[in-house]
Amino acid sequence: MELFRLDGKVALVTGATKGLGAGMAVALAEAGAKIIGVGTSSTENTKKRVEAVDSEFYGIQADLSKPESISHIIKEAYSAYGRIDILVNNAGVLHLSDTESHSDEAWDFIIQVNSKAVFQLCREVGAHMLEQDYGKIINISSIHGLGGGYKVASYTASKHAVIGITKALANEWADRGINVNAIAPGYMVTDNTFNLRQNREKTDEITARIPKKRWGTPDDLKGPVVFLASEASDYVNGHVLVVDGGLTNA
């Protein structure tokens, strides 16, 4: 089990206010990591959960839709701990729209948050990881990054881009001490799916297609994120770990 311990490591998690990001932050803390949580609003609840498992938490409020937020995050994070060993690019937004009425403004917003900010953080944190000859980068994509989705053109494009970024950087950095991998969650009980889950007929139809017969929760990403952040995955590079209850395999 020592392979999965993260004692002494520092993990930066975006989108850490609640949902999947908060769940993964707590999981990494339970494995021994100190957490830097980034959110557009207060991360106080996540801080309490992390401290409840006897770990440290440092919160950064930043809006990833604004490119200048990247330098702010980097400056704050390295001022707090001096290093980042694990980067989890989890922050993401969804825009549901018929393609024929999808605005350019919404497209640019989704692409900035879901993929451009992912690349920017990988680039900036990755440069420091190269100096320390060690790093674990975990980018959160989606099963829509593997398929087409429905009425989510910008989201689908952005999540395909996350997988492309992951594979490209894995090729470039694998022999330099950095592992870059991705997680592709399926249908999860989060704020992003709240409106969809209000449609009982649609929700039941999706659930029926999932072999596990339920939607995922933040707890379902705990094991995958700790595995990819730990020494247990040292020979795993450019992999997309699908966590969807078997949906894409059905």
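Taking θ as phi - 60° and the Karplus parameters 6.51, -1.76 and 1.60, the scalar couplings of the range 164-178 work out to x, 4, 4, 5, 5, 6, 4, 4, 6, 10, 4, 8, 10, x, 10 Hz in sequence order, x denoting glycine and proline.
According to the calculation over all Cα-Cα pairs in the range 32-81, the P(r) per 5 Å bin from zero is 5, 22, 28, 22, 14, 6, 1 %. Each residue of the range 195-210 was assigned a 3J(HN,Hα) from its phi angle through the Karplus expression (A = 6.51, B = -1.76, C = 1.60, θ = phi - 60°), giving 4, 4, 6, 6, 8, 4, 4, 5, 4, 5, 5, 5, 4, 5, 7, 8 Hz with x at Gly and Pro.
Considering only DSSP states other than H, G, I, E and B, which chymotrypsin sites (Phe, Trp or Tyr not before Pro) in the range 110-196 qualify as loop sites with at most 15 other Cβ atoms within 10 Å?
Values: sites: Phe119, Tyr134, Tyr150, Tyr155, Trp173, Tyr187, Phe194; in loops: Tyr134, Tyr150, Tyr187.
Passing both the DSSP loop test and the Cβ count: Tyr134, Tyr150.
Remark on Val242: its backbone amide H falls under 5 Å from those of Ala184, a criterion applied only to residues 5 or more positions apart or on other chains, H modelled at 1.01 Å from N.
Express the C-alpha Rg of the range 181-243 as a ratio against the empirical globular expectation 2.2 N^0.38 Å, rounded to two decimals. Can you show the working numbers first?
Numbers: Rg = 14.2 Å, N = 63, 2.2 N^0.38 = 10.6 Å.
So the range 181-243 has a normalised radius of gyration of 1.33.
If you take all C-alpha pairs in the range 83-172, what percent of them are over 21 Å apart? Across the range 83-172, Cα pairs with separations above 21 Å total 33 percent. For the chain, the extents of the C-alpha atoms along the principal axes are 48, 39, 37 Å, listed from largest to smallest.
Among the protein heavy atoms of the chain, carbon and sulfur supply 50% of the accessible surface, probe 1.4 Å, non-protein parts ignored.
Please go through the range 53-155 and write out the GluC sites (Glu not before Pro) that DSSP classes as loop and that have at most 16 other C-beta atoms within 10 Å.
Working: sites: Glu56, Glu68, Glu76, Glu100, Glu105, Glu124, Glu131; in loops: Glu56, Glu68.
Taking the range 53-155 and a limit of 16 other Cβ atoms within 10 Å, the loop GluC sites (Glu not before Pro) found are Glu56, Glu68.
For the chain, what is the mean residue ellipticity at 222 nm derived from helices alone (per DSSP H run of n ≥ 4: -39500 (n - 2.57); sum divided by total residues; nearest 500 deg cm²/dmol)? Result for the chain, helices only: -12000 deg cm²/dmol.
Just the number please: accessible area per residue for the range 91-250, 1.4 Å probe, all protein chains included, in Å².
Working: 7750 Å² over 160 residues.
About 48 Å² of surface per residue is accessible.
Per residue, the solvent-accessible area of the range 1-44 (1.4 Å probe, heavy atoms of protein chains only, all protein chains present) comes to 36 Å².
With each label modelled as a point 7 angstrom along the Cα→C-beta vector, the Asp54-Asn195 pair spans 4.5 nm.
The values are calculated or read from the model by the stated rules, or taken from the named source; none is laboratory data. For clarity, every value in this text was computed on a predicted model and none was experimentally measured. So basically every Cβ, Gly included, is an ideal-geometry build from the backbone, and we count neighbours across all protein chains shown. Just the protein is used for accessible areas: all its heavy atoms, side chains included, with ligands, DNA and RNA removed. Shrake-Rupley method; radii C 1.70, N 1.55, O 1.52, S 1.80 Å.
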